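Asks: Quick one: the structure is below, and I'll ask about it shortly.
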Amino acid sequence: MDPTPAQAEAGLPEVSPRRRQHILGALLQGVSRSFYLTLRILPKHLREPLGLAYLLARAADSIADTRIIPPDDRMEHLQTFRQQVAGPARLSSLQGLEQGLTGQQSIPAERALLSSLPEAFSLLEGLSEVDGHRVRTVLQTLMVGMEFDLTNFPPEDSGEIGTIENAATLDGYTYQVAGCVGQFWTEISIAHVSALRHWDHQRMSALGVQFGKALQMTNVLRDCPKDLRIGRCYLPLDQLARFGVTPHDLLDPQTGPKARPVLVHGIETALGHYAAAEEYILSIPRRCPRLRLAALWPVLIGLGTLSRLAGNQRWLDPQSPSRVSRSWVYSMILLSLPAVVSDIALRLWLGRLQRKVEAGIS
C-alpha cells in the first residue's frame, strides 16, 4: 500500500499489513491485557480507530508517568507529543521523543510502544479524515487531564501530597481522563455500526460520558492508597475537611473508618454513573452481541470492584487492595456470553451487583 500524502510529507514509515497487525495485536496486548480483550471482541471495523486511539493515549500516559524524568521535562515531552497529535506529525520529533524516553523506561512493553510511535502516527495519518479528527480530539482532551496531574500534584518523591479541591473539580477531571472516551466510543460506534444509526447522538454521547466517569471514579477510589504514596489525593479536600481528615492522615490505614463517609460519597457518585452505563448497554441492539460484550465487561468488573471496596474495612491499606480476581473475571466472561442477548438477564445481573454495593455502604 502506497503512503498517503500526509504520511509522505511527514516522513513517516509505511506500515505493512503484518506490522499493522502486530501493533494492534501483540503490542497493544503487552500494554493492556484488559483492553486488548475488549478490542478483540469488538466488530472488526471498530478495532483500528479504537485500538490506535488507546495505544497513542497509552504512550502519552507513559510520557506523563515516567517518574525518573522531572515533571517539567515530562511536561515538555507531553507538549511535543500533543503537537504531533494536532499534526502534522514529524518523524524527527517522534524520534526525538523515542530517544529521550526509551532509555528511561524500564518496562519492555512500554519501551516497545514508544519505539513504535512513528508507525502508530503513520496509522493515524492513514485513517479517514473524520476518524482521524475523532482520534485527535479525544487524545487532546486526555492530555489535558495528564497535564493537570503534572501541574496540580507535587513530584512523586517530594513527600508532599497535592489535592483536588472539590467534587466539581474531580468531576471535570474524570471527564478529561475517561468521560471523553465514552463520548469518542459513541461517535465511532455510530459512524461504523449501521445498527446504531437510529441512536440519538446527543443522548447516547451523554450516557457515554457517564459510562467513562463511572469507570474512572472506580479507579480513583480503588487506587487511593497507591496514589497517596506518590503525592496524589483525588478525594475532594472539602469533603475530607468536613470530617476532620487531612490528606496526610489518609496515609494511616487506621484513618479508614473516619474517612469512610468520603469513600461512601464517591461510591454513590460512581453508582449514579453506572446506572447510565447500564442504560447505554441496553440501548445497544441485541443483534450486536460483540458490541454489547465490549461495553458490558468493564461495567461488570467495575461493579465487582466497587462491591469489594464497599466491604473493605481496610480500604486505605495498600496491602489490602480491592480487586476482583482473575478467576472471577474468567467466570464473568463465560456467564456473559449467553446473558448478553437478554435484556432481562442483564438487568437482573447488573441490578444484583448494584444492590451488593449498596448493601456494603449502608
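Asks: From the list Ala64, Ala86, which one is surrounded by fewer than 17 Cβ atoms within 10 Å (Cβ to Cβ) and of a type in the set (A, V, I, L, M, F, W, C)?
Replies: Checking each option against the conditions leaves just Ala86.
Asks: Continuing with this model, one more query. For the subset of the range 249-270 comprising residues that are aliphatic (A, V, I, L, M) and open to solvent by 20 Å² or more (accessible area, probe 1.4 Å), which member is nearest to Asp227 (Cα to Cα)?
Replies: Looking at the filtered set, the residue picked out is Leu251.
Conditions tested, residue by residue: (1) within 22 Å of Pro154 (Cα to Cα); (2) surrounded by fewer than 20 Cβ atoms within 10 Å (Cβ to Cβ); (3) in contact with a strand residue (DSSP E or B) (Cβ under 7 Å, 6 or more places away or on another chain).
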{"position": "Pro43", "(1), (2), (3)": "no, yes, no"}
{"position": "Leu56", "(1), (2), (3)": "no, no, no"}
{"position": "Pro71", "(1), (2), (3)": "yes, yes, no"}
{"position": "Glu98", "(1), (2), (3)": "no, yes, no"}
{"position": "Ala112", "(1), (2), (3)": "no, yes, no"}
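Asks: Which of the following residues is over 16 Å from Val181 (Cβ atoms), touching a Ser or Thr at 6+ places or on another chain (Cβ under 9 Å) and either at pLDDT below 95 or of a type outside the set (S, T, N, Q) (or both): Val245, Val262?
Replies: Val245
Asks: Here's a follow-up. Which of the residues belonging to the range 323-362 are at pLDDT 95 or above, under 15 Å from Leu271 (Cβ atoms) and not in a helix (DSSP H, G or I)?
Replies: Those that are at pLDDT 95 or above, under 15 Å from Leu271 (Cβ atoms) and not in a helix (DSSP H, G or I): none in the range 323-362.
Asks: Further question: Residues in the range 182-205 that are touching a residue at least 60 places away in the same chain (Cβ under 8 Å) and open to solvent by 20 Å² or more (accessible area, probe 1.4 Å): how many?
Replies: 4
Asks: Of the residues Leu282, Leu263, which is more than 30 Å from Ser158 (Cα to Cα) and more than 20 Å from the chain's Cα centre (by Cα)?
Replies: Leu282
Asks: Being open to solvent by 40 Å² or more (accessible area, probe 1.4 Å) and not in a helix (DSSP H, G or I) is the filter; apply it to the range 14-41 and report the residue that is nearest to Arg134 (Cα to Cα).
Replies: For the range 14-41, the residue satisfying everything is Glu14.
Asks: Pairs, please: C-beta under 6 Å, at least 6 apart or cross-chain, first residue open to solvent by 60 Å² or more (accessible area, probe 1.4 Å) and in the range 326-344, second part of a helix (DSSP H, G or I)?
Replies: Pairs found: Val341/Pro289.
Asks: Residue by residue through the range 150-175, note down the ones that are of a type in the set (A, V, I, L, M) and open to solvent by less than 60 Å² (accessible area, probe 1.4 Å).
Replies: Correct list: Leu150, Ile161, Ile164, Ala167, Leu170.
The values are calculated or read from the model by the stated rules, or taken from the named source; none is laboratory data. Because the structure is predicted, anything quoted here is derived from the model rather than measured. Neighbour counts run over all protein chains shown; Cβ positions are idealised from the backbone, glycine included. Just the protein is used for accessible areas: all its heavy atoms, side chains included, with ligands, DNA and RNA removed. Shrake-Rupley method; radii C 1.70, N 1.55, O 1.52, S 1.80 Å.
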